[in-house]
Amino acid sequence: MRRRTTPFASSSSSSGGSGGGVVSAPAEPGRATSEIEQIEPFPRFDAVSDDSDHFYRNPRQTIPASTQKNIMHEWKLLEQHLPESITVRAYEKRIDLLRAAIVGAATTPYHDGLYFFDISFPPNYPAQPPQVHYRSFGYRINPNLYASGAVCLSLLNTWGGNFLERWNPKESTILQLLLSIQALVLNEKPYYNEPGSGIFKILGPYGEKSSFAYNEATFVLSCKSMLRLLSRPPRGFEVLVVGHFRDRARAILQACRAYADGRVWVGYFLEGNPPQQGPSSRVAVSQKFKESMRSLYPQLFEAFSKEGASLAGLHKELSGDLPLAPGKKGLWPISLKWLRTCWN
């Protein structure tokens, strides 16, 4: 993280991206000046020294010179082509390790979340794909991401898939892997990533009801993950975690309220685009989800406040009885074992 102090006469906050700091205007001649600490944007790709909490830190591998050259090529691709929603750190003393943070995309139950992945290059990379571990905190937020941290993905050869989806030493890259996780794993309807659930697309309404219930549970686990990240951020990403949730705190809390009220389908809240009001516009919300939001909302509010988030005008708690959609008693039961256990 790069820091500098700058004289200023007036200042305004910048929230254009994760880790954004304070933009200062130069002091006018003849006026008293002060100093503030200005934080430059968190680089999308950089190298750090502390690998002490990396999942693949031990045992240490011997990486041949030819493999090191291949890894350095991956570094170059990442430095040049990472989107704003993905941040990667390499390690100065461990060329075989990477850590990536992926921001959940809008219109998914993962929106505004941060999801961390530890990566290890094998000695014969790219003949074999990298190993990838998801920092799960014990939560299974997706059929492809296990509570153990295992990542089940065709591109990693950890799931069958068809031949064209598997790791190709001549073409596959870490950048491709991270983009695939963001777009294909952390997607709008993760329920359909579950093996065998594709048949429910054919069944129409039942599949959509099951998918919505899955999104409810996923958003709850995502909120729990936010709290865990703020209490113990991965090393090398402390500033990113704090800045990210400080900037997005208001949108996250507004989404929690809108979902609990049944004013918008879970995953589809967009800041600056208020959901419709009134009984006729409400969607079915399960009692279990409402109870989870009522519990998590004040915890999130407190955690965000401690990091300096601007929450003026927001309530500290979800008050009163949150309504169900007219004529609904909640969501329909779903048979998947995952959905029966993920609330725990």
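Sorted by packing (mean other beta-carbon atoms within 10 Å per residue), highest first, where do 89-97, 110-118, 47-55 land?
On the way: 89-97: 18.3, 110-118: 23.7, 47-55: 14.8.
The packing order, highest mean first, is 110-118, 89-97, 47-55.
Scanning residues 5 or more positions from ASP112 or on other chains, those with amide H under 5 Å from its amide H are GLY104, with H placed 1.01 Å from N in the peptide plane.
Sequence-ordered 3J(HN,Hα) estimates for region 245-251 from the Karplus curve with 6.51, -1.76 and 1.60 and θ = phi - 60° stand at 6, 5, 6, 9, 4, 4, 5 Hz, glycine and proline given as x.
Placing R0 at 22 angstrom, the Cβ-Cβ distance between PHE163 and ALA47 gives a FRET efficiency of 0.05 after rounding to 0.05. For region 84-95, 3J(HN,Hα) computed residue by residue from phi via the Karplus equation (6.51, -1.76, 1.60; θ = phi - 60°) reads 4, 8, 10, 10, 10, 10, 8, 10, 4, 9, 9, 5 Hz, glycine and proline entered as x.
Per residue, region 69-133 exposes 36 Å² of solvent-accessible protein surface, assessed with a 1.4 angstrom probe and all protein chains in place. Summarising the amide proton neighbourhood of TYR91: residues at separation of 5 or more, or on other chains, whose placed amide H is nearer than 5 Å comprise VAL48, LEU97.
Let me know the charge dipole size of region 87-206 about its Cα centre in debye, to the nearest 20, where only the beta-carbon of Lys, Arg (+1) and Asp, Glu (-1) is charged. Can you show the working numbers first?
Details: 10 positive and 8 negative charges, 27 e Å.
With only Lys, Arg, Asp and Glu charged at Cβ, the dipole is about 140 debye.
Once the Cα-Cα distance is subtracted from the 0.36 nm per residue extended length, the LEU270 to THR107 segment shows a gain of 57.9 nm.
The values are calculated or read from the model by the stated rules, or taken from the named source; none is laboratory data. Just so it is clear, the structure is predicted and the values come from calculations on it, not from any experiment. Counting neighbours? That spans all protein chains shown, and the Cβs are built from the backbone with ideal geometry, glycine included. For accessibility, only protein heavy atoms count, side chains too; no ligands or nucleic acids. Shrake-Rupley method; radii C 1.70, N 1.55, O 1.52, S 1.80 Å.
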